[in-house]
Each structure stands twice: as C-alpha cells, then as structure tokens.
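Notes follow once the structure below has been shown.
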Amino acid sequence: MIVAMACITLHLPENRSLKGKRSVLKSLIEKIRHRYNAAIAEVDDHDLWQQAKLGLALVSNDSQLLDAMITKIIRYIEDQHVAQVVDSQVELWHW
C-alpha cells in the first residue's frame, strides 16, 4: 500500500473576505472529493483571506497512478480559475 500526501498552497486573488474564501474553498473541496475520491481539507492559513493551504491524501498500490492523480487534481484546481497554485509538495509513503 502506498499513501500519497500533498500540501498545496493557493493564492485567491479575487477574494476580499474570509467569507468569500470559505465559499470558494468549500466548493472546490467538494468538487475534488466527488470527482477524484480524495481526502482533502484546508490545513493552514485559516485567517488569511487570499491564501489557503490544502492537505490532500490518496491511497493506492501504484505510485505512478498516485503521481498522475495528484497532477490531475492540481491541474483541475488551476482550471477552475478561482485560485492560483503557488506551491505543492508531495510525499509518497510505502507501507
């Protein structure tokens, strides 16, 4: 079993409030959960209204599949045009 974990830092340039940030992130997180069956949540920068950090986890037996899925999820976030991906860090754990 292989666990892929990613920390994705986002910049939300159009946001003007924490309420707007929550709305954008809630929608984005639900879309990713539904579309990719991934565990995802906001993990840091809760009080910053133009920045967010998302934690993402996926499990599989194939590391190439996990790498491809994380790449697709990051591309999906960028394609939504609500946030810019500033940074992403990925770790694979082999169990």
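The values are calculated or read from the model by the stated rules, or taken from the named source; none is laboratory data. Being a predicted model, the structure only gives us computed values, none of them experimental. When we count neighbours, we look across all protein chains shown, and the Cβ atoms used for this are built from the backbone with ideal geometry, even at glycine.
Taking the listed residues Asp62, Asp67, Asp87, the one that is over 14 Å from the mean Cα position of the chain (by Cα), over 18 Å from His34 (Cβ atoms) and of a type in the set (Asp, Glu) is Asp62, with no other qualifying. If the condition is being within 18 Å of His11 (Cα to Cα), loosely packed, with under 13 Cβ neighbours inside 10 Å and touching a helix residue (DSSP H, G or I) at 6+ places or on another chain (Cβ under 9 Å), then the range 81-95 contributes only Gln84. Candidates in the range 1-25 are the residues that are farther than 14 Å from Val85 by Cβ and of a type in the set (S, T, N, Q); of these, the one that is surrounded by the fewest Cβ atoms within 10 Å (Cβ to Cβ) is Ser17. Going by what's in this entry, would Val90 be described as in a strand (DSSP E or B), closer than 13 Å to Ile2 by Cα, out of contact with any Cys (no Cβ under 6 Å at 6 or more places or on another chain) and in contact (Cβ under 8 Å) with a residue 24 or more places away in the chain? When the stated conditions are applied, Val90 passes them.
Picking from Leu28, Leu48, Leu65, Leu56, which residue would you name as being aliphatic (A, V, I, L, M), surrounded by 12 or more Cβ atoms within 10 Å (Cβ to Cβ) and farther than 30 Å from Trp95 by Cβ?
The match here is Leu48.
Would you tally the residues in the range 1-18 being modelled with pLDDT of 90 or more and not in a strand (DSSP E or B)?
2
The set of residues in the range 31-45 being in a helix (DSSP H, G or I) and crowded, with 17+ Cβ neighbours inside 10 Å consists of Ile32 alone.
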